[in-house]
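Notes for the one structure printed next.
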Amino acid sequence: MSHLATDVLVVGAGGAGMYAAIAAARNGAEALLVDKSMISRGGATIMAQMTVAAAVGHQEPDHWTHHLADTIEAGRGLCHEELSAILCREAAERIHEMDRWKVGWARKGGRMTQVMAPGHKVPRCVYVDFLNTGPAVAKCLRTQVAQGSGITRVGGLSIIAVIVRDGQAVGAVGLDVETGEPVTIEAKAVVLAAGGLTKLYRRNSASINMGGDGYALALEAGAELIDMEFVQFFPIGHLAPRLVGMDPIMWDPFRYKLGGRLLNGDMQEFIHRYGASDSGKYTAMRDVTSYAIIKEGEAGRASPHGGAWLSFQHIPERELRAAFGPVIDRLLKNGIDLLKEPVEVAPIAHYHMGGVRVDAEMKTRIAGLYSGGEAVGGANGANRLSGNAITEAFVFGERAGRFAGLYAQNRRQAWDARAAAPVLDRMRAVAARETQGRKWTDSPTGRMLAELQTVMWDQVGLLRTGAKLEAGLARIRAMRAELDRLPFPAETPFNLALLDWHDLRASLLVAESVAVAAIARTESRGAHQREDHEEMDPAQTYNQTVELAGGALRLGKAPVVRYPFQLENAVAAE
Ligand SMILES: Cc1cc2nc3c(=O)[nH]c(=O)nc-3n(C[C@H](O)[C@H](O)[C@H](O)COP(=O)(O)OP(=O)(O)OC[C@H]3O[C@@H](n4cnc5c(N)ncnc54)[C@H](O)[C@@H]3O)c2cc1C
């Protein structure tokens, strides 16, 4: 069995993890950057095609406190405002740093181009043309990681548990994806940057690696989660006609640049019926638009495949081509001619506002355990503004790496093989259940994941009721028990069924935490919509925490952290 040692172990090599490794290394620590996929190619970051929000003020005068005010408004009273303030304040610094690293932000006349996005009051979102933001960001950070000293990269290593001794994180245990063997890692600090959980839902924009591992790792290490009930559904995920080789949420950049009319099955605009306005522009927030599309469908006014129409037919071809160049031809190859026909769109699970509970240094309540990126909860409250997630990956990733690096300085390793023994025993027991000599026509773990995704979509999804949530929770709990008896094929190398088993174990725990939090929040707020409690309840203006206590999930309430200064004072002071 392999054993590795480092100062700072960073789990997950998306935008947050790569920034964390860079920051740990430039603060004097050795960093080990691991990912269950290939470094920088596994999670959401490389898939993002749109924009990054930061008050750089290149398009119109802007200030981070205005970005903060918009973020807090979108969060429906639940933002951890200290985290939100950090997010907005440090965003521009990260954007400029990446500009110096030649990420290639779109520019006009020497200034970065910034576009409007729903909920932002000024054009604030930078991007890389054409639909290339995520790949460009991933490449830029990958290059920095490769060129910097003090960072070791290990792909194909899935972290299964953080090892805690005497209340302190001392390392982790991983599964070598190729060999199926355990790997132990001693570290003075651990950063969880393993991304979000949207793979838990049947319709999602996720990659295969976004099953919520980071949350499960945090829970089992003794840290708390926050706001788990708030899963963001992206309103205009592609629905029809068939679209191959393109991102299902690609219609967002079209709307940033060109507007586009959102119509119901009767070809009428409808957002105004739900308290927002859009009229060909792109201003209604995500939670409202998702809700409106579902409600129009329930009223019998859906598009043919059960969503809404999105039309760009009124936009001249010259403008379409100027905005999206080669993308228009890729659409034509898919048989989609935007000049001639609208497309159908519908909500899709896209982002998670909740996550690991951290303080301003990205520190959990476990000494030496940090978190960054989408894995962190709180900054976006009950609803996230578009563009804030990549910003969060940069800002919180950088901070998590920086503070973990500083923490690791002058500390000794405190690894203790005995603390890792129960995890290793469990891994061996699971591997021993591999079933030899049977011909497998389908994978039991694959079937179970598909069922979990259906349960989450149908019962813990966009429109919730107490009865649906309770039924979903009961099924998730039963599946957790079934998982312990599940057989799977013995295959080497690359026993993906073994990896799936560990993924499912984490996903079921995380799914349960979403369900229990959603049951307890008996109101509708932001992305959490209860049909049996349709109004927002001011008495429930608190964050919900989740922890593991004696093997069971326990909910708590935490007062919302408010930003300590008046915004105006902050503006004046700068
Ligand atoms: C299709 C799509 C488009 C998007 N577009 C935008 C946009 O335009 N603007 C915006 O602001 N936001 C966007 N988002 C959201 C945003 O991209 C993410 O919130 C952000 O990139 C998350 O970065 P991260 O580093 O925290 O996580 P990720 O980039 O998801 O990286 C997490 C990494 O952790 C690894 N990992 C997971 N579990 C383990 C484990 N157990 N062991 C080891 N490694 C593990 C994964 O393989 C992955 O590489 C988009 C998301 C998607 C899915």
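Values for this structure:
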| read-out | value |
| --- | --- |
| Members of the stretch 272-303 that are closer than 19 Å to E535 by Cα, part of a loop (DSSP other than H, G, I, E, B) and touching a Gly at 6+ places or on another chain (Cβ under 6 Å) | M285 |
| Inter-residue pairs, beta-carbon under 6 Å, first more than 22 Å from G195 (Cβ to Cβ) and in the stretch 486-512, second among the hydroxyl-bearing types (S, T, Y) and part of a helix (DSSP H, G or I), 6+ apart | F488/T445; A497/T445 |
| Filter result for the condition that a residue is touching a Leu at 6+ places or on another chain (Cβ under 7 Å) and open to solvent by less than 10 Å² (accessible area, probe 1.4 Å), over I294, I236 | I236 |
| Odd one out for L499 among (1) among the hydrophobic types (A, V, I, L, M, F, W, C); (2) at pLDDT 95 or above; (3) under 22 Å from the mean Cα position of the chain (by Cα) | (2) |
| Count of the stretch 147-165 residues which are more than 16 Å from the ligand (Cβ to nearest atom) and outside any strand (DSSP E or B) | 4 |
| Hey, V183 more than 9 Å from the ligand (Cβ to nearest atom) and not in a loop (DSSP other than H, G, I, E, B) or not | yes |
| I236 away from the ligand (no atom under 15 Å from the Cβ) and either closer than 30 Å to A161 by Cα or in contact (Cβ under 8 Å) with a residue 24 or more places away in the chain (or both) | no |
| Failed item in (1) touching a Leu at 6+ places or on another chain (Cβ under 7 Å); (2) within 16 Å of the ligand (Cβ to nearest atom), with H350 passing the rest | (1) |
| Residue tally, condition more than 13 Å from the ligand (Cβ to nearest atom) and either farther than 22 Å from R286 by Cα or of a type in the set (V, I, T) (or both), over the stretch 109-128 | 6 |
| Unique match (being more than 11 Å from the ligand (Cβ to nearest atom) and either more than 19 Å from H352 (Cβ to Cβ) or open to solvent by 40 Å² or more (accessible area, probe 1.4 Å) (or both)) among V34, V10, V103 | V103 |
| Hits in the stretch 194-208 - residues which are modelled with pLDDT of 95 or more and out of contact with any strand residue (DSSP E or B) (no Cβ under 6 Å at 6 or more places or on another chain) | G195, K199, L200, R202 |
| Residue in the stretch 542-564 that is modelled with pLDDT of 95 or more, of a type in the set (K, R) and open to solvent by less than 70 Å² (accessible area, probe 1.4 Å) present | no |
| Exclusive hit being open to solvent by 10 Å² or more (accessible area, probe 1.4 Å), in contact with a strand residue (DSSP E or B) (Cβ under 7 Å, 6 or more places away or on another chain), within 16 Å of the ligand (Cβ to nearest atom) and not charged (D, E, K, R), set V52, V56 | V56 |
| Subset tally (residues that are within 8 Å of the ligand (Cβ to nearest atom) and either surrounded by fewer than 24 Cβ atoms within 10 Å (Cβ to Cβ) or of a type in the set (A, V, I, L, M, F, W, C) (or both)) for the stretch 13-31 | 3 |
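Okay, residues lined up against (1) out of contact with any strand residue (DSSP E or B) (no Cβ under 7 Å at 6 or more places or on another chain); (2) on the phi < 0 side of the Ramachandran plot; (3) within 7 Å of the ligand (Cβ to nearest atom):
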| position | (1), (2), (3) |
| --- | --- |
| V358 | no, yes, no |
| T364 | no, yes, no |
| G368 | no, no, no |
| S371 | no, yes, no |
| A382 | no, yes, no |
| V395 | yes, yes, no |
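Conditions (1) farther than 26 Å from M353 by Cβ; (2) open to solvent by less than 50 Å² (accessible area, probe 1.4 Å); (3) of a type in the set (G, A, S), marked per residue:
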site	(1), (2), (3)
E470	no, no, no
A478	yes, yes, yes
A490	yes, yes, yes
D503	no, yes, no
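The values are calculated or read from the model by the stated rules, or taken from the named source; none is laboratory data. Please read these numbers as outputs of a predicted model, since none were measured by experiment. Counting neighbours? That spans all protein chains shown, and the Cβs are built from the backbone with ideal geometry, glycine included. Ligands, DNA and RNA are stripped out before the accessible areas are found, and what is left, the full protein with its side chains, is counted by its heavy atoms. Shrake-Rupley method; radii C 1.70, N 1.55, O 1.52, S 1.80 Å.
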